[in-house]
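Working notes, structure below.
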Amino acid sequence: MMKTSRIDHLFKDKQENILAIYFTAGYPELEDTVPVMEAIEEGGADIIEVGMPFSDPVADGPTIQESNKIALDNGMSLKKLFEQLAKMRETVTLPVILMGYLNPIIQYGVEEFCKKCQEVGVDGLILPDLPMQQYLEEYKDIFSQYGLKNTFLISPQTSEERIKAIDQNSDGFIYMVSSHSITGAKSGISEEQERYFERVAELGIQNPRLIGFGISDHESFGKASKHAHGAIIGSAFIKVLNNADRANLKRDIGNFIKGIKNGEYDYTSKA
Amino acid sequence: MKIEVDKNGFYGKFGGAYIPEMLYPNIEELKEKYLGIIEDEDFKKKFSELLRDYVGRPTPLYFAARLSEKYKAKIYLKREDLCHTGAHKVNNTIGQILLAQKLGKKRIIAETGAGQHGVATATVCALMGMECTVYMGEVDMERQKPNVERMKLLGATVVPATSGSKTLKDATNEAMRQWINNPVDTHYIIGSVVGPHPYPEMVARFQSVISEEIKIQLKEKEGRENPDIVIACVGGGSNAAGAFYHYYNSPDVRLVAAEAAGLGISSGKSAATTVLGKLGILHGSRTLLMQTEDGQVVEPHSISAGLDYPGIGPVHAHLFDVGRGEFVAVEDKDAMKAGVELSKLEGIIPAIESAHAIHALNQIKYGPDDVIVINLSGRGDKDLETYIKWGEY
């Protein structure tokens, strides 16, 4: 195990335009998980978020819901996921974060889950239905025992006081939900959203901030990155996987990521 | 052990508020304000006036002589089936719409399975002139067409939930998503004692009028407030919570909850959560949950859409866990028989949900002097097609 985490290294080395890509494990096909991760790394992203599919993803919009359903139909489970990730560190060097809902983790066994994460080289977790209070009371010690950083979400409705409390209890980065929305619900960044990004930027919080939900192309990535350390793309990337030519999956993933970063990508035909 | 909710919304190890951060301000607002609002004298007055003049409360506590003769006990039926809209659901929607007004909300959203809670919500929205959107599984919309039309007639918009199994749990997912998308002006009226704290306790309080009335009515008829046994059916568990509420901490009263066994406990087509469920988290609450060994939520089955839910309200999980409640699992066929039996013995066609509670009489022990109150949560009009298909009457 590394002494300083991959997440800390990343934010130490890079303070802007950080690109995190989310996709659902076992999608579009069961054994695509690690090849997709490799392609994300080769394409030039900075963080990989691997979605753990769940039957009832309440914070997600239709695109990610559908990918969850397909992944489960493909036979994805946490047991299967850890089998797939067992050798990922031979080819993947980026920080890897698992994102999903609590229930499958509880059934797997929280401590066993954390232990497995550490074994295969997972760096952190994002669990939208784990509230801060429950995290502090029941999960924090186990997560940190296995070197896992927990990332909290904040939204435009989150009060300053609560943002500060969340900041104090975070040690990786903060996930800023860009609007009142589930994933993939809105696209583009409005002036009102930019004002919210600014308001949070001015709070002087200690953790880096990544903006997610509604980031789908070079323009929205650029706007988000202007006000934070970077952004997270999920639904738009799932659409790329869905529409990709299977024989050229890695190429299509690479083209999409390069397009997000430098603007040369035809989103209308692919996404 | 006292049955009550703690300040974090837990009944023992069940409950809490496992919600995405986007909903935290809404849930926090409700948690901080709901008690103050519903205990306010002006609110209580409005609530009880509407329950009396609009819903038709108090509902009768009826001594069922022929049923008593057959089962050899003193059996009373609490007639929630006589509520406006045909079931107990409206007690809660009246309370929550008054609360939504106090919170300054402009729109109402709700989930519904069979459509009873959707109709009760559309009804109170019409009453108060508020915009109403009801999420309903696409499969349920097909199965329960009359209720879809009732909601539309009342002015509500009915939106199909097209994800997952397209039934109640998916309708609930969709309502939660829409609340995340519209957190400022919208109140979400949850229809059962499920969801994140404070919903389970809040809904139970609005339904607790049922046991409040039973106490007064039984005192008049039997000279005592406490029956020996209260029986109610449990899906999420709102009618049971209402019927049990004022008896939680009276150990002399047995609380019997009838769950839906569907085609049988081991058939793979069941909704008996306390038998088949394991500790889990769904819709913001830690409770018993029917799920695969990988923690994916299982689609339940019951002939009655109102009991067709893979979880159970956290208070009921707690009653089960500490042994305060007796849980029986009633199969589809037995519930149908009990529904036909009550129709012929007492001239009351029960909702198939409530028929599960009637059949529990065959599955528990009691003596001839025992006073038993069965909460007859709804009427069978909505189930006529199911009775016709069943055919054995």
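The values are calculated or read from the model by the stated rules, or taken from the named source; none is laboratory data. On a predicted model such as this, the values are computed, not experimentally measured, just so you know. Virtual Cβ from ideal backbone geometry, glycine too; neighbours counted across all protein chains shown. What goes into the accessible areas is simple: the full protein's heavy atoms, side chains included, and nothing from ligands, DNA or RNA. Shrake-Rupley method; radii C 1.70, N 1.55, O 1.52, S 1.80 Å.
Observations on the model:
- Threshold 40 Å², the range B:20-34 residues less accessible with all protein chains present than alone (1.4 Å probe): B:P20, B:E21, B:M22, B:Y24, B:P25
- Centre separation in Å (Cα based) which lies between the range A:122-196 and the range A:36-103: 18
- Whole-angstrom gap from the range B:307-346 to the range B:374-391, using each part's C-alpha centre: 15
- Charge tally for B:F47 (other residues, Cβ to Cβ under 15 Å; Lys, Arg +1; Asp, Glu -1): -1.
- Put a dot 7 Å past the Cα of B:E222, heading toward its Cβ, do the same for A:Q133, and the two dots end up 3.8 nm apart.
- Remark: chain A carries 39 Å² of accessible area per residue (probe radius 1.4 Å; ligands, DNA and RNA excluded).
- Dipole of the range A:15-262 computed with +1 at Lys/Arg Cβ and -1 at Asp/Glu Cβ about the Cα centre; of A:Y146, A:G204, A:N242, farthest Cα towards the positive end is A:N242.
- Carbon + sulfur, % of accessible area of the protein assembly as shown - ligands and nucleic acids excluded, 1.4 Å: 49
- Point-to-point label distance, B:K269-B:A65, nm (Cα→Cβ direction, 7 Å offset): 4.1
- Solvent-accessible area of A:H229 with every protein chain in place, 1.4 Å probe, in Å² to the nearest 10: 40
- Shape class for chain B: rounded, because the ratio a/c of the largest to smallest gyration tensor axis (alpha-carbon atoms, square roots of eigenvalues) is under 1.5.
- Cα-based shape type of the protein assembly as shown, given that a ≥ b ≥ c are square roots of the gyration tensor eigenvalues and the cut on a/c is 1.5: prolate
- Remark on the range B:259-283: accessible area falls by at least 40 square angstrom from chain-alone to full-complex state for B:I281, probe 1.4 angstrom.
- Between helix B:41-50 and chain B there is an angle of about 60 degrees, using the helix long axis and the longest principal axis of the Cα atoms.
- The range B:1-70: C-alpha gyration tensor shape, a/c 1.5 cut-off, then a/b vs b/c: oblate
- Angle between chain B longest axis and helix B:89-102 axis [Cα atoms, degrees, rounded to 10]: 30
- The contact between chain B and chain A removes approximately 2900 Å² from the accessible area (both sides summed; 1.4 Å probe; ligands, DNA and RNA excluded).
- Interatomic Cα distance distribution for the range A:15-262, bins of 5 angstrom, percent: 1, 6, 14, 19, 21, 19, 12, 6, 2, 0, 0
- Out-of-range pairs (alpha-carbon distance over 19 Å; input B:K145/B:K382; A:K87/A:K116; A:K80/A:K115; B:K152/B:K389; B:K219/B:K365): B:K152/B:K389; B:K219/B:K365
- Helix-only [θ]222 nm of chain B, DSSP H runs n ≥ 4, -39500 (n - 2.57) each, per residue, nearest 500: -12000 deg cm²/dmol
- In this Cβ point-charge picture (+1 for Lys and Arg, -1 for Asp and Glu), the protein assembly as shown has a dipole of about 960 debye about its Cα centre.
- Chain A, helix-only ellipticity at 222 nm - DSSP H runs n ≥ 4, -39,500 (n - 2.57), divided by all residues, nearest 500: -13000 deg cm²/dmol
- Here's how it looks for A:G51: its modeled amide H is under 5 Å from those of A:F23, A:T24, A:A25, A:M99, which are all 5 or more places away or on a different chain.
- Exposure check, 1.4 Å probe, all protein chains in place: B:K269 carries approximately 100 Å² of accessible surface.
- B:L35 accessible area, assembled protein chains, probe 1.4 Å, Å²: 60
- Nitroxide proxy distance, nm - points 7 Å out along Cα→Cβ at A:K250 and A:E191: 4.7
- Accessible surface ranking that places the most exposed of B:R379, A:R6 first, with a 1.4 angstrom probe: B:R379, A:R6
- Positive-end residue, the range A:15-262 charge dipole about Cα centroid, Cβ charges, pick of A:L81, A:Q134, A:G214: A:G214
- Nearest-ten-degree value, helix B:24-38 long axis tilted from longest Cα axis of chain B: 50
- Of A:P95, A:I260, A:A25, farthest towards positive along the dipole that unit charges on Lys, Arg, Asp, Glu beta carbons give the range A:15-262: A:I260
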